[in-house]
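Read-outs: derived from the displayed coordinates by stated rules, not from any lab. Everything numeric in this text was worked out from a predicted model, so none of it was measured. Cβ coordinates were reconstructed from backbone atoms using ideal geometry, including for glycine residues, and neighbour counts include every protein chain displayed.
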Amino acid sequence: MTTMAHRLPQKRHLVTELPGPRSSSLTVRRRAAVAPAVGSAAPVYAVDADGGVVIDVDGNSLIDLGSGIAVTTVGASNPAVADAVAAQAHQFTHTCFMVTPYEGYVAVAEKLNELTPGDHEKRTVLFNSGAEAVENAVKIARLATGRDAVVAFDHAYHGRTNLTMALTAKTMPYKHNFGPFAPEVYRMPMSYPYRDPLAADGVAAADRAISMMDKQISADSLAAVIVEPIQGEGGFIVPAPGFLPTLAQWCRANRVVFIADEVQSGFCRTGDWFACDHEGVIPDLVTMAKGIAGGMPLSAVTGRAELMDAVHPGGLGGTYGGNPVACAAALAAIDQMTTLDLPARARQIGELILSSLSATAASLANDGRDVIGDIRGRGAMVAVELVRPGTTEPDPELAKAAAAHAFSRGVIVLTCGTFGNILRLLPPLAIDDELLREGLDIIGEALAAD
């Protein structure tokens, strides 16, 4: 693995209380101009970012353990990505691939066809956001199969459009009073080993879901099963071994399209290129976004050629889908992932995080504060599930307080989970070990605080 050079000093440095006066002033302006429905995890305003740090308008340097929700995998200002963006912008920023196509789109499609699981013939189409990719994957599955029904899972998150809200499990803040939602969406139980004893056996958990699908829908009415190989917003839930392969095998046997939503878990995040790779699962369709383009808006659906080719000309697309600047960024970001061997780096980061969190859990338990119910994840996608001492009862208040405490000390950490009780760690794969350890120490401090 090649060492990454950094433009900014990789250190936490606070010159004001957080938020500082300039950030506070911007918040006043924001309230007068921006709809309050758009929230922010950290009330500071960024002016620079590199490696594992974000610099705010007051000159504070914060440790970034969120990566813009798994987006800035290669760093928020990776030089190769920045140069590629600048070079393409000097040539042209847009022509619309549906009007005057360009090589960058084709090159990204070729790369995704190569990298995604399976050696079968594939096709790719590019969009702007993860929700757009998911929505179009369902469209493809429905058209190719001639069926309507779609299965999603408990704790799932797939986006904020009407169809993807229907696929998403959590009501607040994603679905509340935004309905009615798209029809013919069915929800099945997920493999959640910490909270469901049956789910500790992945094959048994999959068989339970399959039995329910047979009873409620029947395979000949089912277009697709969509699942996150590691659930993101739902709490970084890692299904038990055998769950995903069993579902995928049943789908193939019944000509149901198996869609892997790798929007958050893809592009080296879990220690492999895609989370499906850990069990050798080969999806029919893969949805991607977030880490794909180093921070530029781009998403994709890659899938079996016979499914993708079933859609009539003009049936897929969008004005900005596969924007040339975003495509240039994606090609540079993917090259960086390969050159720097970021799957290996993600595994190293994961080992460091798990070691630190395990020590924190043991220390807290020794002090009679056994508030860490579960530590789980793969690679640089790790969750801490917080509970009330001596129980498995979710403690969302502790998660919120710990995240706030960490922020006050200059560490950006995100929460998630159906119950709001999970700290999720998504550091840039460009982060230094020393900086990461400091951030983890502060999280331990935050969990120990009264």
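Here are the numbers for this structure:
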| quantity | calculated |
| --- | --- |
| Potential lengthening between Asp441 and Arg252 on full extension [0.36 nm per residue; Cα-Cα distance subtracted] | 63.5 nm |
| Share, in percent, of DSSP beta bridges within the stretch 179-337 that are antiparallel, nearest 5 | 35 |
| Point-charge dipole on Cβ atoms (K/R +1, D/E -1) for the stretch 1-51, about Cα centre, debye to 20 | 120 |
| Cα shape, the stretch 245-309, gyration tensor, a/c 1.5 rule | oblate |
| Gained length - Arg29 relative to Val311, 0.36 nm times residue gap less alpha-carbon distance | 96.9 nm |
| DSSP H segments from the chain that extend 30 Å or more along their own axis, Cα-based, with Kyte-Doolittle mean of -0.5 or above | 342-366 |
| Lys, Arg +1 and Asp, Glu -1 on Cβ, resulting dipole of the chain about Cα centre, debye, nearest 20 | 960 |
| Theoretical ellipticity at 222 nm over the chain - DSSP helices of four or more residues, -39500 (n - 2.57) apiece, nearest 500 | -11500 deg cm²/dmol |
| Residue (of Leu307, Leu8, Cys268) at the positive-pole extreme of the chain, dipole from beta-carbon charges | Leu307 |
| Fewest-first sequence of Thr161, Thr100, Thr246 by Cβ atoms within 10 Å of each Cβ | Thr100, Thr161, Thr246 |
| Label-point separation, Lys215 to His120 (7 Å along Cα→Cβ), nm | 3.0 |
| Exposure proxy order (Cβ contacts within 10 Å, fewest to most) of Arg187, Arg378 | Arg187, Arg378 |
| Distance between modelled label sites at Thr319 and Ala5, nm, 7 Å Cα→Cβ extension | 4.1 |
| Length gained when the stretch Ala107-Ala86 is fully extended (0.36 nm per residue, less Cα-Cα span) | 5.8 nm |
| Pairs from Lys139/Lys170; Lys170/Lys215; Lys11/Lys111; Lys111/Lys290; Lys215/Lys290; Lys139/Lys290 whose Cα-Cα separation, in the structure shown, is over 26 Å | Lys11/Lys111; Lys215/Lys290 |
| Simple spin-label estimate for Ala448 and Arg160 in nanometres, 7 Å along Cα-Cβ | 3.8 |
| Rel. contact order, % - alpha carbon contacts under 8 angstrom, at least six apart, the stretch 81-339 | 30 |
| Förster radius 30 Å - calculated FRET efficiency between Met172 and His94, Cβ distance, rounded to 0.05 | 0.25 |
